[in-house]
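Report on one structure; see the data block that follows.
The values are calculated or read from the model by the stated rules, or taken from the named source; none is laboratory data. The model shown is predicted, which means the values in this text are computed figures rather than measured ones. In this analysis, Cβ positions are derived from the backbone assuming ideal geometry, glycine residues included, and neighbour counts consider all displayed protein chains. The protein model used for the area step is the full one, side chains on, heavy atoms only, and it has no ligands, DNA or RNA in it. Shrake-Rupley method; radii C 1.70, N 1.55, O 1.52, S 1.80 Å.
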Amino acid sequence: MIGTDNTPSNAKQRHPAKIGREVSARETISLPDIGEISPSFNAQTLTEFTREQLITLILQQQQEIAQLRDGLGHSYSQLEGSTEALSRPLLSPTKRETHHPYLEVQCESGRYQVDLVGNLYWTIGRGSDNAIVLPDQWMSRNHAMLQSMGTGELYLIDLGSHNGSFVNGRRVSVPISLKHGDKLTFGQTNVDFYNPGAVRLSTATQGLPDAPVTALLHVRRLISVLVVDIRNFTGLTRKLDERLLSEVVGTWFRKAGDIIRAHGSWVDKYIGDAVMAVWMHGTQEVSRQELQQPFHALHQLNEMTQKLHLVYPLPFPLKIGAGVNTGYGMVGNTGSGDRPDYTVLGDTVNAAFRLETSTKQIGLDIAVGATTFQHMQAWQSEDLPLRQFTVQLKGYENPKPAYACSFPELKTFLETNQ
């Protein structure tokens, strides 16, 4: 064998194919002494080597190549073993002192913290376009969403995921308000929700029923409030299994949020199977464009809702009802800087909910309040599809006027008054 015998005759008897065999980096090879060889070679210097020196040089090169290949293979195996660490989102270590809401994500390599700051909502899923990326094959690409509602409250909304979102072991069908310490599950990933600020506020006021809560900056503003409710939701829950119900409702809430944001507002509240959105106006007047926004949003919400039965096997086509009210409300900003987080209070908001409920007794799809109707008359007085009704709104002593129409009538009105 080459390396154990230095005789030239042995080298001459070696079959050429064995000179070119691959050498493992783990083999120990004794090479003949070929003296001091310069690391730089050219055609002239190579002609000066004997046959056995050339053979030895080739074996040296093969051994170095094998060692490099073996080293690279070890590096690749380490890299493949680190797939979970590479695909995991860059999260901060847990156990940091914080005063804002955050998530603790549990994975194979430990627990990691995701701070819920700087946004009004955060999407969760395995797709790279999400704010919180969790590499779990049992999750949908766009699985769920966390929505900040002001005053520190956060809602979890399932976005129609296939395997569902769970809070404390119960599957989420409609948006649910999260509490400090809630256990969330997405696919096979466990996540803990913490809201230290809400806990401190509760502790500070415990046993002090008349203790004032830290005052927020509230400003009296002219606003328009839209409330949209899914009709016959109770009947839907009785006829759909839990997984399909979660997918349908999650899809509706996700698309509703997209439509409302596209028309200049945000989802201020999720109440069961209903959403509330707010548009803020100037101090005294409502421009035509500002008044058009909630009605164009409402039209698109209805179009989206009617198409859901083409995607899901529903027992009946989904329908919605809506109330729109304009007036003054107290608007508070619980956010900061360029990311405001508004919450709205006042009679204008309450009346919008009552107007939505009144559509059921009126028998039409949309009901608007008197002030909204007056601004719509200034927009277009001749072709308004709204008809006047007198309704008894819950919580109000005297009957109130309501102006109502159907969705087909609203569609015609919008198309003829672009």
Practice item. On the protein heavy atoms, probe 1.4 angstrom, tell me the percent of accessible surface of the range 125-194 carried by carbon and sulfur. Key: 45 percent
Review point. Quick one: length gained pulling ASN232 to GLN284 fully straight, 0.36 nm per residue minus the C-alpha distance?
Key: 14.9 nm
Review point. So what is the orientation-averaged projected area of the range 354-418, using the convex hull of its C-alpha atoms, in nm²?
Key: 4.3 nm²
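Which of the three applies to the range 266-418, rounded, prolate or oblate, going by the alpha-carbon gyration tensor with a ≥ b ≥ c and a/c under 1.5 meaning rounded?
Numbers: a/c = 1.31, a/b = 1.13, b/c = 1.16.
The shape class here is rounded.
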Exercise for review: Pop a pseudo-label 7 angstrom from the Cα along the beta-carbon direction at both TYR312 and ARG387 and give the gap in nm to one decimal.
Suggested key: 3.2 nm
Exercise for review: For an R0 of 56 angstrom, estimate the FRET efficiency from the Cβ-Cβ distance between TYR396 and HIS162 and round to the nearest 0.05.
Suggested key: 0.80
Point to revise | Relative pair counts by distance (%), Cα atoms of the range 122-200, 5 Å bins | key: 3, 17, 27, 27, 16, 7, 2, 0
Check your understanding: How many nm is it between the label spots at ASP241 and ASN417, if each spot is 7 Å from the Cα in line with the beta carbon?
Key -> 4.7 nm
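Could you work out what % of the accessible surface of the range 295-418 is carbon and sulfur, using a 1.4 angstrom probe and leaving DNA, RNA and ligands out of the count? Let's see the in-between values first.
Numbers: 2870 of 6090 Å².
Carbon-and-sulfur percentage of accessible area, whole number: 47.
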Point to revise | Residues whose placed amide H lies under 5 Å from that of ILE320, excluding near-sequence neighbours | key: ARG231
Check your understanding: What does the highest-first list of 345-352, 223-230 look like by mean Cβ count within 10 Å?
Key -> 223-230, 345-352
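Report, in listed order, any pair from LYS269/LYS307; LYS179/LYS394; LYS319/LYS411; LYS179/LYS255; LYS179/LYS269 with a Cα-Cα distance greater than 21 Å. Let's see the in-between values first.
Details: LYS269/LYS307 24 Å; LYS179/LYS394 30 Å; LYS319/LYS411 15 Å; LYS179/LYS255 25 Å; LYS179/LYS269 16 Å.
Beyond 21 Å: LYS269/LYS307; LYS179/LYS394; LYS179/LYS255.
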Practice item. Please turn the phi angles of the range 306-318 into ³J(HN,Hα) values with the Karplus equation 6.51 cos²θ - 1.76 cosθ + 1.60 (θ = phi - 60°), one per residue in order, whole Hz, x for glycine and proline. Key: 5, 8, 5, 5, 7, 9, 10, x, 8, x, 7, x, 6
Study note, to complete from the structure: Sorted on mean Cβ neighbours within 10 Å (highest first), peptides 298-310, 264-276, 155-167 come out as 155-167, 264-276, 298-310
